[in-house]
Amino acid sequence: MNIQNLIRPTIKALKPYSSARDEFQGNSDAMVFLDANENPYNNGVNRYPDPQQKGVKAILSEIKGVSAKHILLGNGSDEVLDLIFRAFCEPHQDNVISLPPTYGMYEVLANLNAVEIRKVNLSETFQPKVDTILEASDTNSKVLFLCSPNNPTGNSFSTESVEKLLKAFKGLVVIDEAYIDFSTEKSWLTRLEEFPNLVITQTLSKAYGMAGIRLGICYASEEIITVLNTIKPPYNVNELSQKKAIELLTISDLAKNQINSILEERTELALELENVSFVSKIYPSDANFILAKVDDATKRYNQLVEKGVVVRNRTTQFGCEECLRFTVGTKEENEELIKNLLLISKS
């Protein structure tokens, strides 16, 4: 596949903005910086941040086993997804494909960028319908979004289905792996070099506990990363976010231990939900949440709010009618949830 044929002509012709810190590439330790019109008085944040986030990328490269040349960082994964739209989708001409029920920002960003979104509903078991997806695509279909493990259903897509789509779809296949660290399935990062149209997005918001710093990650071929770097804002990830990411990523086994605790709690929470009379189905989960079908999702959601517990009502999404989504909390939080669910069921 020739990726150059997918790039918007205006992006190909674009000369990217070159910031002061992009132009200077030397050792900064002993330099006097008078190039960027910054306030010279040091307070820890008076200088612009590294525009390429080299320190964070170096750590992620080691953790994930992927060259830094294949990594782009964004102000949350939403910025990464928006950059993909801007680089590859011509407004009022191209289209993208999403698979409901799924992450709602794909549709929001399509509408924001004036790009048609074609929806192909997942099967009853929440798996991609490969033939239907390919039938829905045409020469203007630039991006296919696969959220696996999927939000809000929690399941992973079959390797066979994803492989078929990677080989047959004529545009980019973006696999959103926000929840991959909670899954027994392997990340598609291990096969990044096998498929030139494969783009993988991950985040530090879930397993790594850094939702507050808004740091999203894109892994792709060097060619695709170069295109996205061309159009990203010059200092899109701030200094405080970079420092905090480096700090937490370098604490040995911090994320691993927290992930293990969440997985243990997920198993326990699923077992406890079986004892709630109005819960009729608990869906298997590869994520840090559990989707459950109840008798009246809106009623039960409101009852929980009254007791001081906030969950997510997903009843308006295709295939999730009368479903609530429970994020796996700490042991104490999960016990509070179950206690209130049982009280509600007895009232």
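The values are calculated or read from the model by the stated rules, or taken from the named source; none is laboratory data. No experiment lies behind these values; they were computed from the predicted model shown. Neighbour counts are summed over all protein chains in view; Cβ atoms, including those assigned to glycine, are modelled from backbone coordinates with ideal geometry. The area values use the complete protein model at the heavy-atom level, side chains included, leaving out ligands, DNA and RNA. Shrake-Rupley method; radii C 1.70, N 1.55, O 1.52, S 1.80 Å.
Pairs meeting the criteria (first residue in the stretch 98-114 and within 15 Å of VAL80 (Cβ to Cβ), second residue polar (S, T, N, Q) and at pLDDT 95 or above, beta carbons under 6 Å, at least 6 apart or on different chains) are TYR103/ASN151; TYR106/SER98. Contact annotation: residue pairs with Cβ atoms under 9 Å, 6 or more positions apart or on different chains, pairing a residue in the stretch 10-31 that is farther than 22 Å from ALA87 by Cβ and part of a loop (DSSP other than H, G, I, E, B) with a partner that is open to solvent by 90 Å² or more (accessible area, probe 1.4 Å) and not polar (S, T, N, Q), are PHE24/MET31.
Candidates are the residues of the stretch 326-341 that are open to solvent by less than 50 Å² (accessible area, probe 1.4 Å) and in contact (Cβ under 8 Å) with a residue 40 or more places away in the chain; the one that is nearest to ASP296 (Cα to Cα) is LEU341. Mind listing whichever residues of the stretch 313-325 are of a type in the set (Asp, Glu) and either touching a residue at least 40 places away in the same chain (Cβ under 8 Å) or in contact with an Asp or Glu (Cβ under 7 Å, 6 or more places away or on another chain) (or both)? Scanning the stretch 313-325 gives a single hit, GLU322. The criterion of being of a type outside the set (Ser, Thr, Tyr), in contact (Cβ under 8 Å) with a residue 24 or more places away in the chain, surrounded by 12 or more Cβ atoms within 10 Å (Cβ to Cβ) and within 23 Å of ILE213 (Cβ to Cβ) holds for ASP82. Considering every residue within the stretch 24-37, establish whether at least one is at pLDDT 90 or above and within 27 Å of the chain's Cα centre (by Cα). Checked the stretch 24-37: no residue is at pLDDT 90 or above and within 27 Å of the chain's Cα centre (by Cα).
Might you let me know whether the stretch 187-199 holds any residue that is of a type in the set (S, T, N, Q), within 16 Å of LYS244 (Cβ to Cβ) and in contact with a strand residue (DSSP E or B) (Cβ under 6 Å, 6 or more places away or on another chain)?
Here is the first cut: in the stretch 187-199, the ones of a type in the set (S, T, N, Q) are 187, 190, 197.
This time we only want the ones that are within 16 Å of LYS244 (Cβ to Cβ), so: none.
No, every residue in the stretch 187-199 fails to be of a type in the set (S, T, N, Q), within 16 Å of LYS244 (Cβ to Cβ) and in contact with a strand residue (DSSP E or B) (Cβ under 6 Å, 6 or more places away or on another chain).
Regarding ILE175, is this residue of a type in the set (A, V, I, L, M) and touching a residue at least 60 places away in the same chain (Cβ under 8 Å)? It is false that ILE175 is of a type in the set (A, V, I, L, M) and touching a residue at least 60 places away in the same chain (Cβ under 8 Å). Quick check: anything in the stretch 218-229 in contact (Cβ under 8 Å) with a residue 12 or more places away in the chain, open to solvent by less than 40 Å² (accessible area, probe 1.4 Å) and within 30 Å of ASP296 (Cα to Cα)? No, the conditions are met nowhere in the stretch 218-229.
So which of GLN258, GLN242 is polar (S, T, N, Q) and open to solvent by 60 Å² or more (accessible area, probe 1.4 Å)?
GLN258
Taken together, the residues in the stretch 5-50 that are surrounded by 10 or more Cβ atoms within 10 Å (Cβ to Cβ), among the acidic types (Asp, Glu) and out of contact with any helix residue (DSSP H, G or I) (no Cβ under 6 Å at 6 or more places or on another chain) amount to 3.
If we only count strands (runs of 3 or more DSSP E) wholly inside the stretch 54-153, which ones have 1 or more residues that are out of contact with any Gly (no Cβ under 6 Å at 6 or more places or on another chain) and more than 30 Å from LYS281 (Cα to Cα)? Quick ask: steps written out before the conclusion?
Values: elements: 71-75, 95-98, 116-119, 141-147.
Correct list: 71-75, 95-98, 116-119.
Close contacts from the stretch 197-210, counting a first residue that is under 16 Å from ASP82 (Cα atoms) and a second that is among the small types (Gly, Ala, Ser), with Cβ to Cβ under 6 Å and a gap of 6+ residues or different chains, come to VAL199/ALA220; THR201/SER77; THR203/SER77; THR203/ALA178; THR203/GLY216. For the stretch 172-217, the candidate set comprises residues that are out of contact with any Pro (no Cβ under 8 Å at 6 or more places or on another chain) and among the polar types (S, T, N, Q); within that set, the residue that is most open to solvent (accessible area, probe 1.4 Å) is THR184. The condition (being within 26 Å of the chain's Cα centre (by Cα), surrounded by fewer than 20 Cβ atoms within 10 Å (Cβ to Cβ) and of a type in the set (Gly, Ala, Ser)) is satisfied by just one residue among ALA287, ALA270: ALA270.
Note on the stretch 315-347: residues that are of a type outside the set (A, V, I, L, M, F, W, C) and under 30 Å from SER123 (Cβ atoms) total 8. Against the list (1) closer than 17 Å to GLY319 by Cβ; (2) over 21 Å from the mean Cα position of the chain (by Cα), the condition GLU264 fails is (1).
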